[in-house]
Every structure is written in structure tokens, then in C-alpha cells.
Amino acid sequence: MGLGAAAAMGLAGCSGSDATGTPTAGTTTGTPTGGDGSDAVDPRFGYVGTAGTEPPVEADHTVDLNIRPRDPVPVPEFYFEPTGLSVDPGDTVRFNMATPHHNVNAYHPEFGYAQRVPADAPAYSSPILTGGDYWLYTFETEGVHNIMCAPHEVFGMVGTVVVGSASGPGANPVGEAPKPTPQSRPPEFTAGTVLSDPAMDPDNIVEQGSVSWNDIADENKRLLLEPVEA
């Protein structure tokens, strides 16, 4: 767990930051902003905004990144709300950091994971952000996109965005998506049980439009100390 989580955090924390590692607020990677603001949302690095700044484009959907107590254990729940979301190709999602030290990271082979985003999707990731910041991302590639917060993935902070149709590698059960290398790993620990919950089935997400963290069974959100068996 230590090596995998640390590697994920290192990769995820590199995007959209200055030489000190501080996120560059209100910018992407130097992509110019078009007249309607759409060019400001980079296909890999999205768009980072800080509290009180106006986004360059209006979001079609909003997802909050939250923390709440997990009784009776001291480690809290880390989660996306909604945890599952159905969008149309070209829709922009605003990820609000309702609590600090989160990011949005694709399950992509270039980050060392099994392929759980469409084959043509870039290896997209936000930097790690503080409370009140937000991140915009435009989902152009049709199919199932499994995402995570890299620092909190093993605690179950994962989500699914279905773009158009419930298709592609992410539509496979956990452990059955393509692994480009033996080191590529699937969602593990509580991340694996959350994504395997029946409510998180991509077809159900499309049918419902969105799935709340509260819709996921408590037993599938429990804190695990062992990887989920494939």
C-alpha cells in the first residue's frame, strides 16, 4: 500500500503547479483562453481555480470532495458526492474541494494503474488542492471513467463518471480491466469495494443520472487493511 499510494500521490501532485509545488491557481499549463473560456480547460490538466475566483466556463455538473467521521474508527470517510455521475460528451464538471488535500486522478496506465478510463482518454489529473479550491474538467471521451483522489484512494475515495455510454475498460468489474504491465494495479482496498457496489454499476449510473455516497452499502465502504481479491 505504501509504495502504490506514495507513487500515486507523487504523480498526481505534479500537475499544474509551480516550482515550489504550489498549484497555479486560475491557470492550466499555459493554454490560452478562447473567447468562450473553453480553451482554458486543458485535456490533461483541466483548470484550477481558487475560492472566490470566477471559472472561465460554466460547469454542467458539480461534484464535491468531502470528509466526514467514520464511527467508531478514527480514520474518516473520504468521498466524492455524487460518487457516480452520468454526463454527455463535452460536458464540464466542477470538482469542489469542500475539504482540503484532495485531487482528481484518472485510473490510467501512465499513472501505473490498470486501464479504467477509455483507451483514447488522456492521463488527466489535477494537483492536490486545498479547501475552497475547485478543478474543472471537460469529459470529451465517451465511456466509463473511474477516478480517484490519489492521497485517499485506499480509503475508498473513488468515483465513476459515465460519459455517454457505459462502455470501455472501466465497464469491466474491478480486477478485470486491462493491465498493460504486471505492475499496473487495479483499485484496491476500500476503493475496490466501493467501485464494485451494485449502485456503482455503470448502467445503473446512466439510468439514475447520479449515485450518492449514501447509496453505497455500508459494508462496501468499510475500512479495509487488505487488498481486494481480483
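Assorted remarks:
- Among the criteria (1) of a type outside the set (A, V, I, L, M); (2) open to solvent by 10 Å² or more (accessible area, probe 1.4 Å); (3) within 19 Å of residue 191 (Cα to Cα); (4) touching a Ser or Thr at 6+ places or on another chain (Cβ under 7 Å), the one residue 90 does not fulfil is (3).
- Candidate set: region 35-59, residues that are open to solvent by 30 Å² or more (accessible area, probe 1.4 Å) and outside any loop (DSSP other than H, G, I, E, B); chosen: the one modelled with the lowest pLDDT: 38
- Residue in region 60-76 that is farthest from residue 99 (Cα to Cα), counting only those that are in a strand (DSSP E or B) and open to solvent by 20 Å² or more (accessible area, probe 1.4 Å): 61
- Some residue of region 110-133 being closer than 23 Å to residue 224 by Cα, among the basic types (Lys, Arg) and within 15 Å of the chain's Cα centre (by Cα): yes
- For region 195-205, a residue qualifies if it is part of a helix (DSSP H, G or I) and open to solvent by 60 Å² or more (accessible area, probe 1.4 Å), and the qualifying residues are 196, 198, 203.
- Of the criteria (1) open to solvent by 30 Å² or more (accessible area, probe 1.4 Å); (2) touching a Ser or Thr at 6+ places or on another chain (Cβ under 9 Å); (3) not in a strand (DSSP E or B), which one residue 96 fails: (3)
The values are calculated or read from the model by the stated rules, or taken from the named source; none is laboratory data. Keep in mind that what you see is a predicted model, and the values were worked out from it rather than measured. Glycine gets a Cβ as well: all are built from the backbone with ideal geometry, and neighbour counts include every protein chain shown. Side chains included, ligands, DNA and RNA excluded: accessible areas come from the protein's heavy atoms. Shrake-Rupley method; radii C 1.70, N 1.55, O 1.52, S 1.80 Å.
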